[in-house]
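**Student:** Once you've had a glance at the structure underneath, I'll fire off some questions.
The values are calculated or read from the model by the stated rules, or taken from the named source; none is laboratory data. Keep in mind that this is a model prediction, so the values were computed, not measured. No Cβ is skipped: glycine too gets one built from the backbone with ideal geometry, and neighbour counts run over all protein chains shown.
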Amino acid sequence: MSEKDLFLNRDLSWLEFNARVLHEALDDRTPLFERVKFLGIFQSNLDEYFMKRMGSLYSQARVRFREQLLPLLWETHRSFEADILPALKTEGIDLVHWSELTEEEQTRANNYYQTNLFPILTPLAVDSGHPFPFLSNLSISLGVLLKHPERDDEFFSRVKIPTHFPGWIRIDGNTDKKKARFISIIEIILTNLQPVFQGMEILEIMPFRVTRNTSIEHDEDDTDDLMDIISEELKERRFGDVVRLEYWGKPNQRMLELLREELHLDEDQIYEVNGLFEYSSLKPVWELNRPDLKFEPWIPVAPASLADPERDMFQLIKQHDILVHHPYDSFSASVERFIRNAVNDPKVIAIKMTLYRVGADSPLVPLLIHAAEMGKHVVCLVELKARFDEEKNILVAQKLEEAGVHVVYGVLGLKTHCKTTLVVRQEGDEVKSYVHIGSGNYHSITSRLYTDLGLFTCKKDISDDVVHLFHYLTGRSLKKDYKKLLVAPLTMKDTFLRKISREITNAKKGLPARIIAKVNSLDERDVSQALAEASQAGVKVDLIVRGFCCLRPGVKGLSENIRVVSILGRFLEHSRIFYFQNGEKESIKGEFYMGSADLMYRNLSARVEAIAPIEEIQHRERIFDILTYMLQDQRQGWEMNSDGTYSRTKVKNPKKEIGTHAYLMQKARNRA
């Protein structure tokens, strides 16, 4: 098989994913404020892509990406202008221009400008005595062409739009909760810009924005202190190469050429913006108190097995493993309760935990600090290289260290991405270990927005594996013969390949053979080739991939038994699940796994990941129900075509049109 036949371009596949995100904003079945929010998510995703990936693409790849991106940008602007703005207006919410303001509103806007904006605006002229100013990443600026009243000389000056204020200012002064009028902070400044350049003539103004490359990494072997090198990378990112220039309005060619030369850009790196630079700036709009324009509020419920907050959680785990599915199951009533019980239980002698992304206001950090102050042995592995959270994680690490927590940064050259907690408890003459293994970060806010699975267990084979995993993370253990846990980069990839090969053998013998994998993204070449071979052997392969997928499905004679489905909606699908039928006639008796790893090269070969088996029958039934519904979802589902494009799943059964998230919320209510 040729790679061209089997594999799709990763960057174009990612763009297909973001097009599906955009569709949530275009879909009039989505509540209006949520449509506005999805515009912001689409744009934020795109910004992050340019920061992380564009700097590494060669010119031809950039051009191909641009060709497919431009129609999406046009559709974003069209939808905003033709659909969303009129719909907002119908609901009494106006996004207005200066000329549409009443006299009272103009006075209010002018007062806001004089009080808040004018004092901090800093015009930076460019001439022989003033070098071209530094443009920070994702900053919006006004390029201003000026003329001296007594000379023919023209000058360029840059004014940065302040970032300390909302992008849209409510200007109506109305107390009516149903109605509101907003004006852009950019337009307020544009209208009042002349006093900034007293005595000068403003010839033209061109708003623009720059995006810088943030993928700057140093060789860890060249340093004795990982925190120092990460801190240095954070400083260097501010000065990364500019990879995109966006401008708005009719361009002034002189200003555009000056920016292109100073920023060292090719023509394909310059983008005209017809709509907004930042749809995420519309946050003041979607935060209005209009529940009728939002998704129905969802409050996670306490898992049935943890419904009684007075029950000892360790005794409950002894009776049965506990499986939780966030945000349907409450993070605070499960994970936070587990840590809190461990901190307060006098029998607990040690707590070990991995932290990849942790919120600045996380309740877990104070709990771990309190445990250390009580004399418990507390170990935290803080991943300093978690992209865009490095600064927060450095602060968390320092805070923990100051309290006496043993803080380590993991295995040299690898990111620690596994989500594991180990609690060691003295029970009479026995020391017993309790563990939590999850697919999501220990982050109380994202636990309400992302779907993730977590397993609490004290089964010896699994808990012993977690003990050895922490020895690998904090020491230099080279153990590879884990009993139950799949650990990357040590055993996971080879184990997956063996299990795929076993399904192929079973299919050839006429035994039941099926593979289901639910991941965020898929690009691992060896696993993809193995899945294609399984397809050719008659194994049914279902892949639920939220983001990009580089494996081409449905190609006759190559991957015709592979189906790729994507689920998008109000929650970010983040859980990772793996199923192998293993010759069993009853599907539920096959092998189930869940954990932190995607089927990507970086997860299987360049990160520390952990995946655990799901062994208890009621948990297998629950997970199989989740997978089955997703594969049949006729509301949130998309199916990949063999050319890499996606088609919305057609409605065949109205009962399936409620969507995975609504279905699982209802199941959670019923369990509660």
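**Student:** Looking at Pro131, Pro162, Pro119, Pro166 in this structure, which one is assigned by TED's automatic domain parsing to the domain that holds Met51 and either closer than 18 Å to Met255 by Cβ or among the hydrophobic types (A, V, I, L, M, F, W, C) (or both)?
**Tutor:** Pro131
**Student:** So, one more: Can you tell me which residues in segment 339-367 are in contact with a strand residue (DSSP E or B) (Cβ under 6 Å, 6 or more places away or on another chain) and within 19 Å of Ile437 (Cβ to Cβ)?
**Tutor:** Scanning segment 339-367 gives Ala342, Val348, Ala350, Ile351, Lys352, Met353, Thr354, Leu355.
**Student:** Separate question: Go through segment 468-496 and report how many residues are part of a helix (DSSP H, G or I) and surrounded by fewer than 16 Cβ atoms within 10 Å (Cβ to Cβ).
**Tutor:** The number of residues fulfilling the criteria is 2.
**Student:** May I ask you to list the residues in segment 158-184 that are surrounded by 18 or more Cβ atoms within 10 Å (Cβ to Cβ), touching a residue at least 40 places away in the same chain (Cβ under 8 Å) and assigned to a strand (DSSP E or B)?
**Tutor:** Residues satisfying the conditions are Trp168, Ile169, Ala180, Arg181, Phe182, Ile183, Ser184.
**Student:** Restricting to segment 622-661, what's the tally of residues that are buried (at least 18 other Cβ atoms within 10 Å of the Cβ) and of a type in the set (Gly, Ala, Ser)?
**Tutor:** Going through segment 622-661 one residue at a time, the tally reaches 3.
**Student:** Taking the condition of being touching a residue at least 12 places away in the same chain (Cβ under 8 Å) and either out of contact with any Phe, Trp or Tyr (no Cβ under 7 Å at 6 or more places or on another chain) or in the same structural domain as Phe578 (by TED's automatic domain parsing) (or both), how many residues in segment 422-447 meet it?
**Tutor:** Here is the first cut: in segment 422-447, the ones touching a residue at least 12 places away in the same chain (Cβ under 8 Å) are 422-427, 431-447.
Then keep just the ones that are either out of contact with any Phe, Trp or Tyr (no Cβ under 7 Å at 6 or more places or on another chain) or in the same structural domain as Phe578 (by TED's automatic domain parsing) (or both); that gives 424, 426-427, 431-433, 435, 437-439, 442-443, 445-446.
The total comes to 14.
**Student:** Mind checking which strands (runs of 3 or more DSSP E) fall wholly inside segment 40-157 and carry at least 3 residues that are farther than 21 Å from Val285 by Cα?
**Tutor:** Counting at least 3 such residues, we get 123-126, 140-147.
**Student:** Working only within segment 266-306, note down all residues that are touching a strand residue (DSSP E or B) at 6+ places or on another chain (Cβ under 9 Å), under 30 Å from Ala342 (Cβ atoms) and part of a loop (DSSP other than H, G, I, E, B).
**Tutor:** Pro300, Ala302, Pro303
**Student:** Still on this structure, I have one more. Residue by residue through segment 368-380, note down the ones that are within 11 Å of Arg340 (Cβ to Cβ) and either surrounded by fewer than 19 Cβ atoms within 10 Å (Cβ to Cβ) or touching a Leu at 6+ places or on another chain (Cβ under 7 Å) (or both).
**Tutor:** Leu368, His370
**Student:** If Gly129 meets every condition in (1) among the small types (Gly, Ala, Ser); (2) farther than 17 Å from Gln198 by Cα; (3) surrounded by 14 or more Cβ atoms within 10 Å (Cβ to Cβ) apart from one, which number is that one?
**Tutor:** Against the list (1) among the small types (Gly, Ala, Ser); (2) farther than 17 Å from Gln198 by Cα; (3) surrounded by 14 or more Cβ atoms within 10 Å (Cβ to Cβ), Gly129 comes up short only on (3).
**Student:** Report, ordered by the first and then the second residue, all pairs with beta carbons closer than 8 Å, sequence separation of six or more or different chains, a first member in segment 307-334 that is within 14 Å of His443 (Cα to Cα), and a second member that is surrounded by fewer than 22 Cβ atoms within 10 Å (Cβ to Cβ) and polar (S, T, N, Q).
**Tutor:** Every condition considered, the pairs that remain are Phe331/Ser444; Ser332/Ser444.
**Student:** Further question: Quick one: would you say Ala25 is among the aliphatic types (A, V, I, L, M), at pLDDT 95 or above, buried (at least 16 other Cβ atoms within 10 Å of the Cβ) and farther than 30 Å from Gln194 by Cα?
**Tutor:** The answer is yes for Ala25.
**Student:** Okay, moving on. On the basis of being acidic (Asp, Glu), in contact (Cβ under 8 Å) with a residue 40 or more places away in the chain and either crowded, with 18+ Cβ neighbours inside 10 Å or not assigned by TED's automatic domain parsing to the domain that holds Asn520 (or both), does Asp345 make the cut?
**Tutor:** yes
**Student:** How do the pairs read when you match residues in segment 31-54 that are at pLDDT 95 or above with residues anywhere that are of a type in the set (Asp, Glu), using Cβ under 7 Å and keeping only pairs 6 or more apart or on different chains?
**Tutor:** What qualifies is Leu32/Glu91; Phe38/Glu24; Gln43/Glu278.
**Student:** I'd like to verify a number: residues in segment 376-389 that are out of contact with any Gly (no Cβ under 9 Å at 6 or more places or on another chain) and modelled with pLDDT of 90 or more, how many? Reasoning before the result, please.
**Tutor:** So in segment 376-389, the residues out of contact with any Gly (no Cβ under 9 Å at 6 or more places or on another chain) come out as 376-377, 379-380, 386-389.
With the extra rule that they be modelled with pLDDT of 90 or more, the set shrinks to 376-377, 379-380.
The number of residues fulfilling the criteria is 4.
**Student:** Moving on. Kindly provide the set of residues from segment 48-87 that are of a type outside the set (A, V, I, L, M, F, W, C), under 14 Å from Gly275 (Cβ atoms) and under 22 Å from the mean Cα position of the chain (by Cα), ordered by number.
**Tutor:** Across segment 48-87, the qualifying residue is only Thr76.
**Student:** Let me ask something additional. Return the total of residues in segment 280-310 being surrounded by 12 or more Cβ atoms within 10 Å (Cβ to Cβ) and either basic (Lys, Arg) or farther than 22 Å from His436 by Cβ (or both).
**Tutor:** Of the residues in segment 280-310, 14 are surrounded by 12 or more Cβ atoms within 10 Å (Cβ to Cβ) and either basic (Lys, Arg) or farther than 22 Å from His436 by Cβ (or both).
**Student:** Residues to consider are Ala82, Ala87; find the one that is touching a helix residue (DSSP H, G or I) at 6+ places or on another chain (Cβ under 9 Å) and under 27 Å from Lys37 (Cβ atoms). Walk me through it before giving the result.
**Tutor:** Details: Ala82 fails: touching a helix residue (DSSP H, G or I) at 6+ places or on another chain (Cβ under 9 Å).
Of Ala82, Ala87, the one residue that is touching a helix residue (DSSP H, G or I) at 6+ places or on another chain (Cβ under 9 Å) and under 27 Å from Lys37 (Cβ atoms) is Ala87.
**Student:** Within segment 380-396, can one find any residue that is in a strand (DSSP E or B) and closer than 30 Å to Pro297 by Cα?
**Tutor:** Scanning segment 380-396, I find no residue that is in a strand (DSSP E or B) and closer than 30 Å to Pro297 by Cα, so the answer is no.
**Student:** Please work out if Leu121 is of a type in the set (A, V, I, L, M) and out of contact with any helix residue (DSSP H, G or I) (no Cβ under 6 Å at 6 or more places or on another chain).
**Tutor:** The answer is no for Leu121.
**Student:** Here's another thing I want to ask about it. Considering only residues that are assigned to a helix (DSSP H, G or I) and among the acidic types (Asp, Glu), which ones fall in segment 423-467?
**Tutor:** Once the filter is applied, which keeps residues that are assigned to a helix (DSSP H, G or I) and among the acidic types (Asp, Glu), segment 423-467 yields Asp461, Asp464, Asp465.
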